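Step one of this worksheet: look at the structure below.
The values are calculated or read from the model by the stated rules, or taken from the named source; none is laboratory data. None of these values were measured; they are calculated from a predicted model. As a convention, Cβ positions derive from the backbone with ideal geometry for all residues, glycine included, and neighbour counts pool all protein chains shown.
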């Protein structure tokens, strides 16, 4: 119930295309869903996040779509660029001891071809 | 640089040795987290501090692991009698504790290799 399942494991997209990464969860107590971008040798950096009372959130080229009834959420990267090539992690957050512990997906390695 | 910093960035050690890592959070953040990330996986929660109090520990944190945050500022993570299975990236993150903020900011990590 604590797992977050992420797919696909890897993704290759042409420059200018749309990259779509999907995540699913079971625990309805999760109430915060961030997406992180990680480059090799670096720590994860927050891209965009959403709460379950909102069905979509857009920031620049990045959009989260959230389906509460299906317990699924996805990241859409519009006009994908070679600089977007990185590993993307979805996460779900649950309050414990007054904080929000993150449960991460297994990651999607994105490669955008020039 | 006002981000989360970690030291060292890389550590190579022999099995059985003790290692200690340091994390300096963003200065106004009083919540600090440690995660472990193995190759090809997402980060896994290890432990959490609010100020100097360690409020939660994962079952992943065996008796050989100990974390401290003595003055509510920087934190250390010590691994005693290292094993090859401890090889991983150890990530530190920090967040605020007010305004309902839940965003965690991650440091660059310490990559541990146990030979």
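Based on what the data block shows, is residue B:37 surrounded by 17 or more Cβ atoms within 10 Å (Cβ to Cβ) and under 13 Å from residue A:43 (Cβ atoms)?
Taking the combined requirement at face value, the residue satisfies it.
Which residues, counting only those in segment B:69-111, are more than 14 Å from chain A (Cβ to nearest Cβ), assigned to a strand (DSSP E or B), buried (at least 16 other Cβ atoms within 10 Å of the Cβ) and touching a residue at least 60 places away in the same chain (Cβ under 8 Å)?
If the condition is that a residue be more than 14 Å from chain A (Cβ to nearest Cβ), assigned to a strand (DSSP E or B), buried (at least 16 other Cβ atoms within 10 Å of the Cβ) and touching a residue at least 60 places away in the same chain (Cβ under 8 Å), then B:79 is the only one that fits.
Counting just the residues of segment B:53-68 that are part of a loop (DSSP other than H, G, I, E, B) and within 19 Å of residue B:106 (Cβ to Cβ), which one comes out modelled with the highest pLDDT?
Selected residue: B:58.
Residue by residue through segment B:7-52, note down the ones that are within 15 Å of residue B:96 (Cα to Cα) and either free of Cβ contacts under 8 Å to residues at least 12 places away in the same chain or in a loop (DSSP other than H, G, I, E, B) (or both).
B:25, B:26, B:27, B:28, B:29, B:30, B:51, B:52, listed by residue number.
Would you mention how many residues in segment A:58-114 are without any contact (Cβ under 8 Å) to a residue 40 or more places away in the chain, facing chain B (nearest Cβ under 8 Å) and part of a loop (DSSP other than H, G, I, E, B)?
Total satisfying the criteria: 2.
State all residues of segment A:40-60 that are surrounded by 15 or more Cβ atoms within 10 Å (Cβ to Cβ) and within 17 Å of residue A:18 (Cβ to Cβ); if no residue qualifies, say none.
Correct list: A:47, A:48, A:57.
Would you mention how many residues in segment B:22-54 are within 13 Å of chain A (Cβ to nearest Cβ) and closer than 17 Å to residue B:88 by Cβ?
Going through segment B:22-54 one residue at a time, the tally reaches 16.
How about segment A:33-50: which of its residues are part of a loop (DSSP other than H, G, I, E, B) and more than 8 Å from chain B (Cβ to nearest Cβ)?
A:39, A:40
What about residue A:17, is it under 21 Å from residue B:104 (Cα atoms) and not in a strand (DSSP E or B)?
no
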